[in-house]
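The values are calculated or read from the model by the stated rules, or taken from the named source; none is laboratory data. Computed from a predicted structure; not experimentally measured. Positions of Cβ are generated from backbone atoms using ideal geometry, with glycine treated the same way; all protein chains shown enter the neighbour counts.
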Amino acid sequence: MRHSILVFVAIILSSCGAKQTEDTTFIVENLGKTLPFFGLHELDTNGDTLYYTIPKFSFTNQSGREVSHRDYENKVFVTDFFFTTCPTICPVMSTQMSRLQTLLDKEGHLGDVMLLSHSINPEYDQPDTLKAYAARMEADTTTWNFVTGAREDIYFQAKKGYFINALETDTAAGGYIHSDNFILVDRGMHIRGYYDGTSTKEVDQLFKDIKTLLEEK
């Protein structure tokens, strides 16, 4: 049975030495055996559901190339937010993302599935810095982009696009607070799941859910 529920979500925002919560309201469309849809939905003139889609975007990747929503159209992808000088959770998150990349590669899913990591310190994390970081993570940069851009655009995409927080603060080690979530997005740019990017168990579940999305028509 298909039904919608209004849920009140407290997202835990992990940072370097601090945690914060942000309250966010979602509509979650429960479709039974498949994955839910996150975000506020609308109905078209025929009464069909129009699921929330993330905003269009354009950033610069580790090679100095423009990367936009067009590169991710008709792809399942996983996205997160980090910064290269983060002293605590970012290396763990990036290591988990690298492990996810390996799992996807072993089953031949890279290409159909892509990865996207946004720097929340974009002034420092310029392409050369991101390229060196990608090399340390053994990233396949044909399918995993590390992006920089205007701070306001990155933060807009985090807060308004994916409903997670990212902010600069002098009270946190490293100078930033941000979510530790990996966000799963389907081929239609719909958000389909949130996972703790520091948890091996949750990233394993993410891998299973990716395979579920790949089987969707």
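Data for the structure
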quantity: Residue match in segment 96-109 (condition: assigned to a helix (DSSP H, G or I), out of contact with any strand residue (DSSP E or B) (no Cβ under 8 Å at 6 or more places or on another chain), on the phi < 0 side of the Ramachandran plot and among the hydrophobic types (A, V, I, L, M, F, W, C)); calculated: yes
quantity: Selected residue (only one of V78, V92 is in a helix (DSSP H, G or I) and either at pLDDT below 95 or under 18 Å from D204 (Cα atoms) (or both)); calculated: V92
quantity: Criterion (crowded, with 22+ Cβ neighbours inside 10 Å and either closer than 17 Å to P55 by Cβ or within 15 Å of the chain's Cα centre (by Cα) (or both)) met by exactly one of L130, L104, L116; calculated: L116
quantity: All positions within segment 87-139 that are under 25 Å from D153 (Cα atoms), in contact with a Phe, Trp or Tyr (Cβ under 7 Å, 6 or more places away or on another chain) and not aliphatic (A, V, I, L, M); calculated: C90, S94, S117, H118, S119, N121, D125, Y133
quantity: Residues located in segment 117-148, provided they are under 14 Å from Q101 (Cβ atoms) and among the β-branched types (V, I, T); calculated: T141, T142, T143
quantity: Verdict on E22 being modelled with pLDDT under 95, surrounded by 14 or more Cβ atoms within 10 Å (Cβ to Cβ) and in contact with a Leu (Cβ under 7 Å, 6 or more places away or on another chain); calculated: yes
quantity: Per-region count, segment 60-77, residues out of contact with any helix residue (DSSP H, G or I) (no Cβ under 7 Å at 6 or more places or on another chain), over 10 Å from M189 (Cβ atoms) and among the hydrophobic types (A, V, I, L, M, F, W, C); calculated: 1
quantity: Qualifying residue in segment 44-54 (condition: modelled with pLDDT of 55 or more and not in a loop (DSSP other than H, G, I, E, B)); calculated: yes
quantity: Neighbours by Cβ (under 7 Å, 6+ apart or cross-chain): first from segment 59-76, free of Cβ contacts under 8 Å to residues at least 24 places away in the same chain; second among the small types (G, A, S); calculated: E66/S58; S68/S58
quantity: Residue identified as of a type in the set (A, V, I, L, M, F, W, C) and surrounded by 14 or more Cβ atoms within 10 Å (Cβ to Cβ) among A135, A166; calculated: A166
